[in-house]
Structure formats: structure tokens, C-alpha cells
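What follows is a set of notes on a single structure, which appears directly below.
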Amino acid sequence: MSGGHGAVESSNKRVALLISVLALFLAGAETLAKSAQTEALGANIEAANQWAYFQARTIRGTVLKTADEALALLPPGADPAALKAKRDEWAATMARWESDPAKGEGRKELSAKAQGAEVRRDLALERYHHYELASAAIQIGIVLASAEVITGIVALAFAGGLLGVIGLGLASFGLFAPHALPFFH
């Protein structure tokens with residue numbers, strides 16, 4: 001009788017170890033998921049800010065262009081040199097608002113920054129989806145392994161371990177190759 005009890009106890013210890021390892025994997029996947037989610041949110045905010053700045057530049061440019069066009073319609077008798085100087089100043093301002101590599105605040109540069117932030121956001125979201133799927137697989141693995149302790153059905157522990165390996169694989173894809181499994185998004 002004691003041999004049977006010892007075998008069950010030994011099996012329970014192995015399953016407990018499996019559950020501990022799965023919990024470790026789960027903690028890692030959850031940490032990576034939260035980090036990816038935070039990165040995606042930050043990049044999304046950055047992209048929105050850059051696009052808002054881009055739109056403000058566009059609006060200011062339109063206002064300046066309209067003022068320039070109105071200035072050109074002034075009746076004769078206005079000082080042509082002063083009008084030309086003002087129109088040249090506005091043209092230089094509009095050109096700087098279109099592209100300002102020195103400050104990185106032209107529409108061209110703002111658009112590139114916003115698009116870069118969108119790429120970072122999308123990558124972080126792809127990683128996040130992998131990590132979330134990994135977490136789900138590992139959680140189910142933990143449940144199945146725990147059920148083996150109650151039922152004694154060894155196949156549940158193997159299924160739990162297999163799901164843990166699948167979860168670890170999904171987390172690895174999220175970390176190293178988030179574009180490799182596009183059907184998970």
C-alpha cells in the first residue's frame with residue numbers, strides 16, 4: 001500500500017514542479033505582454049501628437065497662403081517693394097513649414113516621425129498578441145496539470161506540459177519574430 005501512496009506522491013511532486021515551471025513561463029509572458037502593450041500605447045500617442053502637429057502646420061500654411069493670395073489682390077498704389085518683401089517672407093515660412101530638417105518640424109519630417117511611431121506601435125501590438133496567446137496557452141496548461149493531481153489522469157499533465165511548450169513557443173515568436181505568424185493577429 002505504501003508503494004502506491006509513494007508513487008502518487010512522487011507524481012504529484014512532478015506535476016507540482018510542472019505547474020511551477022508553467023507559472024514561471026506565465027509570469028514572463030504576462031510581463032512581456034504588459035511591456036508590449038505599454039509600448040504600443042506610447043507609440044500610438046506619439047503618432048497622434050505628430051499627426052496633430054502635422055495638421056496644425058497644414059492649417060497654418062493654408063492660412064498663410066490665403067493671406068498671400070489676398071495680398072496679391074490689393075489694388076494698385078500699394079507699395080510694391082513692401083508687398084514683395086512680405087510675400088517673400090511668407091513664402092520662406094511656408095517652405096520651412098513644409099520641410100525643416102534642422103529642427104525636424106516641417107510637415108515632411110513630422111509625417112516621417114508619425115509614420116515611424118505607427119510602425120513601432122504596430123510591431124508592439126503584434127508582439128502583444130503573441131504574448132497574450134502564449135499566456136492563454138500556459139494558463140490552460142496550468143489548469144490541465146492541476147486537474148491531473150485531482151483525477152490522476154496522466155494525459156492531463158502531458159497536455160498541460162505540451163500547452164506550456166506551445167505557449168513558450170508563441171512568446172518566443174513574439175519576442176524574436178513577431179511578423180512570422182500573421183494569422184495570429
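Residues being more than 13 Å from LEU32 (Cβ to Cβ), of a type in the set (A, V, I, L, M, F, W, C) and either at pLDDT below 95 or crowded, with 19+ Cβ neighbours inside 10 Å (or both): count how many of those fall in region 115-124.
1
Let me confirm something: among VAL8, VAL63, VAL21, VAL15, which residue is open to solvent by 90 Å² or more (accessible area, probe 1.4 Å) and outside any loop (DSSP other than H, G, I, E, B)?
Just a single option satisfies the conditions, and that option is VAL63.
Hey, could you check region 91-105 for residues that are touching a Lys or Arg at 6+ places or on another chain (Cβ under 8 Å) and assigned to a helix (DSSP H, G or I) and say which is surrounded by the fewest Cβ atoms within 10 Å (Cβ to Cβ)?
Going through the qualifying residues, I end up with GLU98.
Answer with yes or no whether LYS108 is touching a residue at least 24 places away in the same chain (Cβ under 8 Å) and surrounded by 13 or more Cβ atoms within 10 Å (Cβ to Cβ). Let's see the steps before the verdict.
On the way: touching a residue at least 24 places away in the same chain (Cβ under 8 Å): no; surrounded by 13 or more Cβ atoms within 10 Å (Cβ to Cβ): yes.
No.
Residue-wise test of (1) in contact (Cβ under 8 Å) with a residue 60 or more places away in the chain; (2) under 19 Å from ALA159 (Cβ atoms).
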position: GLY6; (1), (2): no, no
position: GLU9; (1), (2): no, no
position: ALA16; (1), (2): yes, yes
position: LEU22; (1), (2): yes, yes
position: PHE25; (1), (2): yes, yes
position: ALA36; (1), (2): yes, no
position: GLU39; (1), (2): yes, no
position: ILE45; (1), (2): no, no
position: GLN55; (1), (2): no, no
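With the requirement that a residue be open to solvent by less than 80 Å² (accessible area, probe 1.4 Å) and within 29 Å of SER111 (Cα to Cα), what does region 71-87 give you?
LYS86
Does at least one position in region 125-145 carry a residue that is at pLDDT below 95, open to solvent by 30 Å² or more (accessible area, probe 1.4 Å) and either in contact with a Leu (Cβ under 7 Å, 6 or more places away or on another chain) or not in a helix (DSSP H, G or I) (or both)?
No.
Tally the residues that are open to solvent by 40 Å² or more (accessible area, probe 1.4 Å) and of a type in the set (Gly, Ala, Ser), restricting the search to region 146-184.
The qualifying residues number 5.
The values are calculated or read from the model by the stated rules, or taken from the named source; none is laboratory data. Fair warning: this is a prediction, and the values are worked out from it, not measured in the lab. Please note: Cβ atoms are built from the backbone with ideal geometry, for glycine as well, and neighbour counts cover all protein chains shown. Only protein heavy atoms, including side chains, enter the accessible area calculation; ligands, DNA and RNA are left aside. Shrake-Rupley method; radii C 1.70, N 1.55, O 1.52, S 1.80 Å.
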